[in-house]
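Taken together, the values in this text are just the output of simple stated rules run on the coordinates, not laboratory data. Quantities reported herein were computed from a predicted structural model and do not represent experimental measurements. Positions of Cβ are backbone-derived with ideal geometry, glycine not excepted, and every protein chain shown enters the neighbour counts.
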Number of protein chains: 2
Amino acid sequence: MEHKIQPLLNYISKYIVLSKKDEAVLMSKLIYRKYLKGQYIAQQGDVCKYECFVISGCTKMFFADEEGQEHIVMFSIEDWWTADMGSFITQTPADYNVQCIENTELVLFSYDVIEELYTEIPQLERFFRKIIEKAFVASQKRIVRSFSLSAKDRYLYFRNQYPKIEQRIPQYMIASYLGITKEFLSKIKGQLIIDQ
Amino acid sequence: MEHKIQPLLNYISKYIVLSKKDEAVLMSKLIYRKYLKGQYIAQQGDVCKYECFVISGCTKMFFADEEGQEHIVMFSIEDWWTADMGSFITQTPADYNVQCIENTELVLFSYDVIEELYTEIPQLERFFRKIIEKAFVASQKRIVRSFSLSAKDRYLYFRNQYPKIEQRIPQYMIASYLGITKEFLSKIKGQLIIDQ
DNA sequence: AAATGATGTTAATCTAGTTTAACTTTTACT
DNA sequence: AGTAAAAGTTAAACTAGATTAACATCATTT
């Protein structure tokens, strides 16, 4: 299993230095799991049991509104996280679904394990603080963009910021992430081609 | 100074238990400061030096876009935080301004002090992790509302969630926070009165 | 009390983005 | 290869919300 979660260890080492012993403790408590395209990792209404680190593949987190419309909140690819954090930290039913868009390899941190780990390896508290700080900043910037940019500019920003993601994901999901209809995104793309 | 920052100590005690000694260390490193209505706590372009805990009063965090339009990202009242976290954690120029809407009392955590505190009182790492987890969850829920609710429903949600804030803040700022014009908010309120 | 500036309202016109619906292209399955 | 399903396009009619502009109210200062 060691080599499979190596990307996670590399990722952690960017934030904190762990001893070999700590790494061993960590590895002994984590779950490595493969999912197929289309498979659900977590479901709206269930308590979110895991924080998930993506080793490979791609996931979307979304919810269905009263009319059954799907709204995508985030995508996650290699070296990023996914989970309904609200449900995870309060251990109450989730607002969101997490589903694989590609075959995906994950490392799962269960709620109980992560609490144990905070005690056994106090540095992980710092690690997760920093990760969440970054996620919070990104989230707030997204709010700002959603209010101050037009749909076209939000799309251009997305394309520029996540060129790798755009290739891998159907357009209608990108539209959902941007908060517009797939028809309007199609129109925007057509317009951009005309403008060259 | 002790009694002035008591609300902060009470707030912290909801998340972690600090010894009297730790409390004394903490207090010795914090800055208590009063601001007048209209005064700026932080400015777009400057590096954000402090994380601020609000003892009393009210602040807004906002940015001015290219056309000079003001967009309000968040309000903060008693027992909440304010700062451009992105600027604070990276110590790079801020995207946002923070300004007092009322006379305001703050407790300031400077960047250097907070790093020292994480080392001297490791429990604070946990405390801030939990605070930021909550802030991140709230931020993500706001994204969801901005995409899935109409302006009217966002206003109703705001009014319901923050009844105390609504009383204290001019309507045009609430419109800015909701991502709509003051004229349209006025129309929504008129409509709500007719519907009763 | 008058005057200034900040805040809030109303209404007409305009536009970014939605809805509906028909059609085309691509992908995946037998 | 042939077919069905999924994904993407186009265009017309519509709507939520913006813009502009004129006016009303309220608070603060002189």
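The stretch A:132-196 and the stretch A:10-59 have Cα centres lying 27 Å from one another.
Per residue of peptide B:65-73, the mean number of Cβ atoms on other chains within 10 Å of the residue Cβ is 2.
In this structure, B:Gln191 and A:Leu149 have a Cβ-Cβ separation that, at R0 = 35 Å, corresponds to a calculated FRET efficiency of about 0.80. Remark: the stretch A:103-196 carries a charge dipole of roughly 720 debye about the Cα centre, counting +1 on each Lys and Arg Cβ and -1 on each Asp and Glu Cβ. Averaged over peptide A:121-133, the number of partner chain Cβ atoms lying within 10 Å of each residue's Cβ comes to 5. From its DSSP helices (H runs of at least four residues, each -39,500 (n - 2.57)), chain B gives a residue-normalised ellipticity at 222 nm of -15000 deg cm²/dmol. Note that the stretch B:45-54 has calculated 3J(HN,Hα) couplings of x, 8, 6, 6, 8, 10, 8, 10, 9, 8 Hz, one per residue in order, obtained from phi through the Karplus relation 6.51 cos²θ - 1.76 cosθ + 1.60 (θ = phi - 60°); glycine and proline are x. Take every Cα pair under 8 Å whose residues are at least 6 apart in sequence, average their separation, divide by the length of chain B, and the relative contact order is 23 percent. For the stretch A:26-171, the dipole from Cβ point charges (+1 on Lys and Arg, -1 on Asp and Glu) about the Cα centre works out to 700 debye, to the nearest 20. Rounded to the nearest 10 degrees, the angle from helix A:111-120 to the longest Cα principal axis of chain A is 50 degrees.
Convex hull volume per residue, computed on the Cα atoms of the stretch A:2-122, equals 98 Å³.
Shape of the protein assembly as shown from the C-alpha gyration tensor: oblate (a/c of 1.5 or more and a/b not above b/c, with a ≥ b ≥ c the square roots of its eigenvalues).
Take each residue of peptide A:140-152, count the partner chain Cβ atoms within 10 Å of its Cβ, and average: the result is 5. Sorted from nearest, the other copies put their A:Tyr157 label points 1.8 nm away, the label point being 7 Å from Cα in the direction of Cβ.
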